[in-house]
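The values are calculated or read from the model by the stated rules, or taken from the named source; none is laboratory data. Model, not experiment: these values are computed from the prediction. For neighbour counting, all protein chains shown are included, and Cβ atoms are generated from backbone atoms with ideal geometry for every residue, glycine included.
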Amino acid sequence: MVVAKKPKPAGQKKPLGIEKPSEKKPAPSAPLVAAKQRIVVTPWRDTQEFNATYDWLFAKGSTPANRRQALSQIRIWSLRRGSLCPAAVLATSVLVQAELEDKLGSSRIQTTYANAFTRFYNFMSSIIQGHNMASMYETAKELGLQSFIVDLRHLCSHGQELPPATVLRNTSKHCLEWLRTYYWLPHKESLVNLVSGKLQRKDKLKFENEVTRLLEIYDLSLECQVQGAQKLKDISKLKASAEFNKIRVYASSKKVKTPKEILTAVVGDLNVLIKKNSHAMKDLLDIYLNCLLKMKYFLTVGLNIQDNEDEIVAATQELFRLLALQGFIEKFFTVLVQMTENPNETDEKRQGAGYWAMKMIETFGMLSRMKRMYKEELDLNPNLKPVNFSSLNTNVIPNTLKRLLVHSGVDSSVTLVFGDNPTKARNWIFDIDFIRQRVRPFSKFSGAIVKGLLSLTDPPLGEQQIEDLTRLCNTRLHDQDSVKPKKVKSLPNYSLNDLKNLVAECENEENDSPISTESSDYGIWKLDNEHDWSASALGVLPWSN
């Protein structure tokens, strides 16, 4: 678990110089500076687990059973972090173990204590690394340890005869009290829980902030562009001073003057930023897509369309082409679909995500038809000039693609036109399992998406199958104009399981009963579906959370 630790404030040094006794004045107190918190990964799950172990070890009423429980907890910590488990914790465990064996009357108690002191010294030496033997005594004194601890360690390691058990016993108590004062107690008073999900590396945080800044400018400029702004003066009338100032500063740095030019500049900066960080950041795509979905105007711009959908498509064309060039278009489509299925999102966001998902489905269908027509022409004429469908991501489209675009059956003025990733061309079809996954969260926001995907499945569905499934989707959406399916007598009895079975039939699965996602026979074992084991730390049972 990640915790935040407040380090001790550094002590103030005395000013240099000589003052006369009569002129001495009390030094003004320095202003208090808030201690900066330091984030560290610890072997304990949270402060509660650390405090419980502290009480087992050092509380007044602590029993041998409590101390053994503490040792078990420390062993779990050692398993969690291995060599990164704090040396002070491990040194405490060996001293406590020695004392417990002493109470049981171990015949080798001197050897046990000797090994414990050697381990304790190793911890102390990690603090005073770089010091020579002569300075170890001075450092031990600064840490609050008696100088004989250093001598005792040498006797335990190199002496011909071990010290008496009484000396070792008393020294163990002294060292444990020092560990409590020097390590355990300060941590107990300063540790603060930190939710690991909110923790981000500095490079990730910097990347997210930069992408958020660029997309905020894009979102503001898109709104101004759609509302008819032609220059910065028009933007100043549409936006508040703070928002306008962000656009003005960016436009000045890029030497652009119109909303359209600002949108183009932002897309260019996003491209450079992604290329710069793509190889160094594992979570780049997730951060990038999350930032895209935070754009308020972009996500809901299609909800109040009057006669200006062509303006919306023209203004956002470059952003979708950038996603296609980057190879992120399919992932972006998936997160849009998942947003429509998420009941925790607002209806406005789900509806807006559904709008853009449907616009992308229109483009996927257009690309599939264009590629099919090109393949048919290529079969008739093998000498046909090769076509690169990634050219659709540019403003200069080859004549062959222009002709295919005209015959694809779409209105290019209200259709997003983008193509393949230059390094990885693909067929814009979806596995039947992708549609099956859309069955359980089927809703009024995602129903149109499911219907749109029926003509883009692999293996392809027949006309009758698409018709039956479309009718079923309409029934599920309570469409009063839908036609009765042939296989079902009563429309109100249609359910998600019926849709699931019809999809299964498309794969030639001869099963008339609903597909069961539950496991069958595990003998004397059974699956535990009541607890989330992935959320439990090592050594912690889910029901103790």
Handout entry: Members of segment 259-276 found to be touching a residue at least 12 places away in the same chain (Cβ under 8 Å) and among the aliphatic types (A, V, I, L, M), listed by number
Key = I262, L263, A265, V266, V267, L270, L273, I274
Handout entry: Residue that is nearest to the chain's Cα centre (by Cα), among those in segment 56-80 that are free of Cβ contacts under 8 Å to residues at least 60 places away in the same chain, loosely packed, with under 15 Cβ neighbours inside 10 Å and part of a helix (DSSP H, G or I)
Key = R75
Practice task
Among residues belonging to segment 416-449 that are more than 25 Å from L392 (Cβ to Cβ), over 26 Å from the mean Cα position of the chain (by Cα) and among the charged types (D, E, K, R), point out the one that is modelled with the highest pLDDT.
Solution key: K444
Problem - Residues that are among the aliphatic types (A, V, I, L, M) and part of a helix (DSSP H, G or I), drawn from segment 417-465 - result: I432, I435, A448, I449, V450, L453, L454, L456
Problem - Only one of L100, L95, L71, L79 that is farther than 25 Å from L191 by Cα, modelled with pLDDT of 90 or more, in the same structural domain as A114 (by TED's automatic domain parsing) and of a type in the set (A, V, I, L, M, F, W, C) - result: L100
Handout entry: Meets criteria (in contact (Cβ under 8 Å) with a residue 40 or more places away in the chain, surrounded by fewer than 18 Cβ atoms within 10 Å (Cβ to Cβ) and more than 18 Å from E362 (Cα to Cα)) for T394
Key = yes
